[in-house]
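Contents: one structure, followed by commentary.
What follows is calculated from the coordinates using simple rules that are stated; it is not laboratory data. Everything quoted here is computed from the prediction, not taken from an experiment. Here the Cβ is made from the backbone with ideal geometry for all residues, glycine too, and neighbour counts use every protein chain on show.
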Amino acid sequence: MLKQQTKVHSSLRTVEWKNNTVVMIDQTKLPNKLVYVKYSDYKDVANAIRTLVVRGAPAIGVSGAFGLALASLQSKAKSKENLLQDLEKAKKILYETRPTAINLAWGLDRIMKVAKSGNTVSDIKASVVEEAKKMAEEDIETNIRMGKHGSQLFNDNDTIMTHCNAGALATVAYGTALGVIRATKDSGKKIKVIATETRPVMQGSRLTAFELKHDGIDVSLIPDTAVGYAMSQGLVSKVIVGADRILRTGHVYNKIGTYQVATMAKQHNIPFYVAAPLSTFDLKSNPKDVIIEQRKASEVTGIAGKKTAPDDINVINPAFDMTPPELIAGIITEAGIAKPPFETSIKKLFESKL
Ligand code: MRU
C-alpha cells in the first residue's frame, strides 16, 4: 500500500498522479502564470518533457515513470507479452526526449522491471501505476533527507549562490539544492540566496527566483555575467547546485554555466557543493560516453520571442557542461555527503545503501 502523500510545507508540487492522469505545472508559463496541465496520453507526457513543460532531472525521472504508467493504461494488449511490447515502444519514445539527465533512464528502467515481474495484464497495469506513485513519494522523502544532511554544511548568515533551478520545480517537490537551502532555513539559520539568471532558458530567473519568493526565502537575482563580480566582492559564502548526472569519479554534469561558476568559486576559495539523489549517479559511464544535449538556436538568438541576434548566425547551444571533481568540495545525497576523493566516497555511499 502506498503511504499518504508526504507533506511538504509551503512548497510547489511539480508533478502528480491524479485519477489516472498526470498533472504538472507548466513551467514554460512561469513566472507569469502558475498553471497546471493534465495528460492522459503518454505521448503528451513525452512532448511535455521535450518542450520543458516539465524539466529538472528528478522531475523528468518521475514524469517518465508516470508516462509509462499511462502507456500501460492506454494499452489494449490482452497478453503480458503484448503489453510489454507496448511498454517498450512507449519507453523508447519517452527515453529519446532528453539525453543527458540519467534520472529519465532510471525511472523508465525501474517501471519496466516491475512490469516484467508481473503475471497478468491487469496485475501489471496496477503494479506499474503503484510503482510510479511510489517513486513520486520517494522523491520528496529523498529530498528531505538530503536537505537534512546538507544543511550541516551551511552557517548562520551565509549567502548561498545557486545556478539554474534545482528546486521543487526540478523535482516532485522540495528540491535538491534548494531543498538543502530550505532545510538550512528551517533549522533556524538566517541565510540569503543569490540566483543566477541561467541563460538561455532562464531557469534561474523564471523558476528559482519565483519559487524562493513563493516560499519567502530572501533571494537576489544576478545576470550570469556577474558571478565573478559577486564572488570578488565577498558577496558569496558558498555555492550549491543540482546535477543531471554524476559519474563514479565525481564528474558532475549540470546546467550549462555550472563549470564557469565552479571555476570562479575555486578562484575565490568559495566551497562549491552539489546536491543530488543517488538516482542521478551513473556508475557505469565515462566522460566520453555522456551525450550533452544540444538545443535549438532560437533559445540563443532571441529573448521572449524578440530577436537579439542577426539572421542566420551560427549558434552553439549545449544545455549542460561537466564540472570536474577537483572543483567540488562535497556531493550531498540522501545517504550522506561524499567528500574528495570521490571515487572512494561515492563507492562507500552506495555500499551503505545495500
Ligand atoms: O534543462 P533543464 O532545466 O531540465 O536542466 C536540468 C536542471 O534543472 C539542472 O541542470 C539542475 O541544476 C539539476 S536538476 C535538479
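What FRET efficiency comes out for the pair N47/E326, r = Cβ-Cβ distance, R0 = 56 Å, nearest 0.05?
Computed FRET efficiency for N47 and E326 comes out at 0.90.
For the range 263-343, state the semi-axes of the equivalent ellipsoid (square roots of 5 times the eigenvalues of the alpha-carbon gyration tensor), sorted largest first and rounded to whole angstrom.
Working through the eigenvalues yields semi-axes of 33, 17, 12 Å.
Using the reciprocal of the averaged 1/r over all distinct C-alpha pairs, how large is the Kirkwood radius of the range 115-258 in Å?
Kirkwood hydrodynamic radius for the range 115-258: 16.4 Å.
From the C-alpha coordinates alone, can you work out the Kirkwood hydrodynamic radius of the range 1-145, in Å?
15.2 Å
Out of all DSSP beta bridges in the chain, what portion is antiparallel? Express it as a percent rounded to 5.
Antiparallel bridges make up about 50 percent of those DSSP assigns within the chain.
Filter the trypsin sites (Lys or Arg not before Pro) in the range 272-354 down to the DSSP loop ones having no more than 11 other Cβ atoms within 10 Å, then list what survives.
K284, K296
With an 8 Å cut-off on Cα pairs and a minimum separation of 6 or more residues, tell me the relative contact order of the chain in percent.
16 percent
For the range 95-195, which GluC sites (Glu not before Pro) are both in a DSSP coil and crowded by at most 14 other Cβ atoms within 10 Å?
E96
What relative contact order, as a whole-number percentage, does the range 120-247 give when Cα pairs under 8 Å and 6 or more residues apart are counted?
Computed value for the range 120-247: 27 percent relative contact order.
Below 8 Å, C-alpha to C-alpha, sequence gap of six or more: please give me the relative contact order for the range 240-285 in percent.
So the answer I get is 54 percent.
Straight distance only, please: which lysines reach the Cα of K80 with their own Cα at less than 29 Å, same-chain residues fewer than 8 apart left out?
Within reach: K3, K18, K38, K43, K89, K91, K92, K113, K116, K125, K133, K134.
What do you get for trypsin sites (Lys or Arg not before Pro) in the range 28-73 restricted to DSSP loop and a cutoff of at most 10 other Cβ within 10 Å of the site's Cβ?
K33
Pull out a ≥ b ≥ c, the square roots of the eigenvalues of the alpha-carbon gyration tensor of the range 37-84, then state rounded if a/c is under 1.5, prolate if not and a/b is larger than b/c, and oblate in the remaining case.
It is prolate, given that a/c is not under 1.5 and a/b is the larger ratio.
Report the equivalent ellipsoid semi-axes for the range 88-135 in whole Å, largest first, defined as the square roots of five times the eigenvalues of the gyration tensor built from alpha carbon atoms.
Taking √(5λ) for each Cα gyration eigenvalue gives 21, 11, 8 Å.
How large is Rg over Rh for the chain, taking Rg from the Cα atoms and Rh as the Kirkwood inverse mean of 1/r across Cα pairs?
Rg/Rh for the chain comes to 0.97.
Alpha carbons only, please: Rg and Dmax for the range 193-274, in angstrom.
Looking at the range 193-274, its Cα Rg and Dmax stand at 12.7, 37 Å.
Whole number please: convex hull volume per residue of the Cα set in the range 212-354, in Å³?
For the range 212-354, the hull spanned by Cα atoms encloses 151 Å³ per residue.
Select from the chain the helices, each a whole stretch of DSSP H, whose alpha-carbon atoms run 15 Å or more along the helix axis and whose Kyte-Doolittle mean is at least 0.5; answer none if there are none.
Helix filter hits for the chain: 57-74.
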